[in-house]
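The values are calculated or read from the model by the stated rules, or taken from the named source; none is laboratory data. Computed from a predicted structure; not experimentally measured. Cβ: placed from backbone, ideal geometry, glycine included. Neighbour counts: every protein chain shown. Side chains are part of the model used for accessible areas, which takes the heavy atoms of the whole protein and leaves out ligands, DNA and RNA. Shrake-Rupley method; radii C 1.70, N 1.55, O 1.52, S 1.80 Å.
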Amino acid sequence: MPDGEWYYVKDGQPAGPVPLEELIRILPAVGGPAALVYGPTTGEWVQARHVSGLREHLAGGPTRPPPPSTTVADVIDYEIFGDDLQFVEVTLDPGEVVVAEAGAMMYMTQGIEMQTVFGDPSKQQGLMGKLFDAGRRMITGESLFLTTFAAGGAQREKVAFASPYPGKIIPMHVGQLGGEILCQKAAFLCAARGVQIGIAFQKRIGVGLFGGEGFILQRLQGDGLAFVHAGGTIVRRELAAGESLRVDTGCLVAFQPSVDYDIQLAGGVKTALFGGEGIFLARLTGPGTVWLQSLPFARLAGRIAGTFSAARGKGEGSILGGLGNLFESK
């Protein structure tokens with residue numbers, strides 16, 4: 001487990017930084033497994049028992065979560081590696097399962113049992129229910145199938161999932177965030193078994209037509225950990241009741257259902273048409289939490305496509321641009 005500067009919450013206030021050894025010594029006095037910590041591998045404030053390698057050093061108090069009867073989702077440990085091309089390594093106790101999008105797996109240890117499933121494995125449902133769930137996933141552009149990774153042996157196993165393009169992986173404890181999160185299509189990476197992965201339809205026609213993500217969003221429900229991927233740098237904003245924030249429609253990653261999501265014109269007609277920021281902006285009104293990304297994938301893809309087009313001129317950065325083609329030798 002990486003050393004470095006670690007922070008913890010004491011009496012409701014952040015404290016630190018402290019080295020890893022000092023954090024291990026302090027944890028029993030500030031909540032043990034339930035203590036909130038922040039460090040080089042967490043990405044945000046999480047309970048100590050969710051940090052792979054840290055739980056083994058906790059002294060005093062329970063080292064395992066409450067019995068399954070009081071929690072639906074598996075309690076998994078994880079570490080996030082990398083800076084702009086990240087991957088998350090999940091550590092599973094015997095019998096624990098993580099669910100991921102097809103094709104997201106990076107590596108897994110020998111004792112991991114991988115299985116492709118139809119529909120949401122976190123739901124108890126018949127064939128028709130699975131067909132309905134798979135059909136809804138197809139509408140969002142996702143694969144019809146999900147993949148489960150289980151620690152089937154008698155020891156802890158590891159499986160890692162990689163981000164599909166430059167950006168950050170955001171760990172979200174759905175239960176601690178109110179039990180439900182709405183996020184953009186293709187944002188979901190993986191989650192503990194028990195977190196349900198579904199879709200949500202936009203109720204406003206204007207938002208569906210011009211909101212950047214269309215009528216459909218992904219919905220994560222449950223009380224466990226889920227991991228969402230977004231582009232560039234991620235910003236988490238807490239909106240008070242009535243507080244509004246205007247953002248580029250493509251920069252919205254996820255938000256709580258309590259946040260009101262609407263669209264509006266980006267200023268006057270001249271600004272909307274020639275301002276370079278698009279015709280519409282998303283207006284988010286609290287209360288609730290929103291997550292924003294600095295580099296939407298569509299913007300990245302557009303720049304790459306533009307570079308390929310420019311490369312057809314006489315060399316990179318040519319002031320001739322497309323005119324260079326006129327002087328190419330045949």
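For the range 156-196, enumerate the residues that are among the charged types (D, E, K, R) and touching a Leu at 6+ places or on another chain (Cβ under 6 Å).
Result: Glu157, single match.
Given the structure, is Pro14 of a type outside the set (Val, Ile, Thr), in a strand (DSSP E or B) and touching a strand residue (DSSP E or B) at 6+ places or on another chain (Cβ under 8 Å)? Walk me through it before giving the result.
Working: of a type outside the set (Val, Ile, Thr): yes; in a strand (DSSP E or B): yes; touching a strand residue (DSSP E or B) at 6+ places or on another chain (Cβ under 8 Å): yes.
Yes: the conditions hold for Pro14.
Just one residue in the set Phe188, Phe118, Phe145, Phe149 is over 15 Å from the mean Cα position of the chain (by Cα) and modelled with pLDDT of 90 or more; that residue is Phe149. Of all the numbered requirements in (1) over 22 Å from Ala186 (Cβ atoms); (2) modelled with pLDDT under 90, Ile112 misses one, and that requirement is (2). For the range 9-26, the candidate set comprises residues that are within 27 Å of the chain's Cα centre (by Cα) and over 27 Å from Asp83 (Cα atoms); within that set, the residue that is least open to solvent (accessible area, probe 1.4 Å) is Gly12. Restricting attention to the range 74-120, the residues that are open to solvent by 10 Å² or more (accessible area, probe 1.4 Å), touching a helix residue (DSSP H, G or I) at 6+ places or on another chain (Cβ under 6 Å) and not in a strand (DSSP E or B) add up to 0. Hey, among Ala298, Ala305, Ala272, Ala254, which residue is in a strand (DSSP E or B), of a type in the set (Gly, Ala, Ser) and either at pLDDT below 80 or surrounded by 13 or more Cβ atoms within 10 Å (Cβ to Cβ) (or both)? Just one listed residue meets the conditions, Ala254.
Residues are listed down the side, and each one gets a yes or a no for (1) within 24 Å of the chain's Cα centre (by Cα); (2) at pLDDT 85 or above; (3) open to solvent by less than 20 Å² (accessible area, probe 1.4 Å):
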residue: Tyr7; (1), (2), (3): yes, yes, no
residue: Pro28; (1), (2), (3): no, no, no
residue: Gly32; (1), (2), (3): no, no, yes
residue: Leu36; (1), (2), (3): yes, no, no
residue: Gly43; (1), (2), (3): yes, no, no
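All told, Leu245 falls short of being at pLDDT 85 or above and open to solvent by less than 20 Å² (accessible area, probe 1.4 Å). Sub-6 Å Cβ pairs linking a first residue in the range 247-266 that is closer than 22 Å to Leu300 by Cα and in contact (Cβ under 8 Å) with a residue 24 or more places away in the chain to a second residue that is open to solvent by 30 Å² or more (accessible area, probe 1.4 Å) and part of a loop (DSSP other than H, G, I, E, B), at least 6 apart or interchain, are Thr249/Gly212; Gly250/Gly212, ordered by first then second residue.
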